[in-house]
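Notes follow once the structure below has been shown.
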Amino acid sequence: MRGRYFAANYYTEDGYRKALHYLQNAIDDDPAYALAYSGLADTYYDTSNFGFSSEPSHAESESRSAASR
C-alpha cells in the first residue's frame, strides 16, 4: 500500500523511487502477491512516461516484465 501511495500522490522522482522500493519489498516478502506486481508495472510505466527514468527503454521493459507476472 505504501508503494501505491507514493506512486499516486508524489509525482516526483523521489516519490517514484520510494514507490518502487516499497513495491519491490512487498514482492520480496511474497513473490505471489499479484497486486505488488501490478503496482510495480504501473510505476515503471509512469516513470518512463513522465521522464523520471534515465533509461526509458529499461523502465518499459521492467514494466512489461512485472505486468506479465
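Read-outs: derived from the displayed coordinates by stated rules, not from any lab. For clarity, every value in this text was computed on a predicted model and none was experimentally measured. No Cβ is skipped: glycine too gets one built from the backbone with ideal geometry, and neighbour counts run over all protein chains shown.
Here are the numbers:
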| read-out | value |
| --- | --- |
| Residues whose placed amide H lies under 5 Å from that of Arg69, excluding near-sequence neighbours | none |
| Whole-Hz couplings from phi, Karplus 6.51/-1.76/1.60, listed for region 20-27; x for Gly and Pro | 4, 4, 5, 5, 5, 4, 5, 5 |
| Cut-off 12 Å between beta-carbons: net charge of the residues surrounding Gly15, Lys and Arg +1, Asp and Glu -1 | +1 |
| Region 1-42: radius of gyration and largest Cα-Cα distance (Dmax), Å | 9.4, 28 |
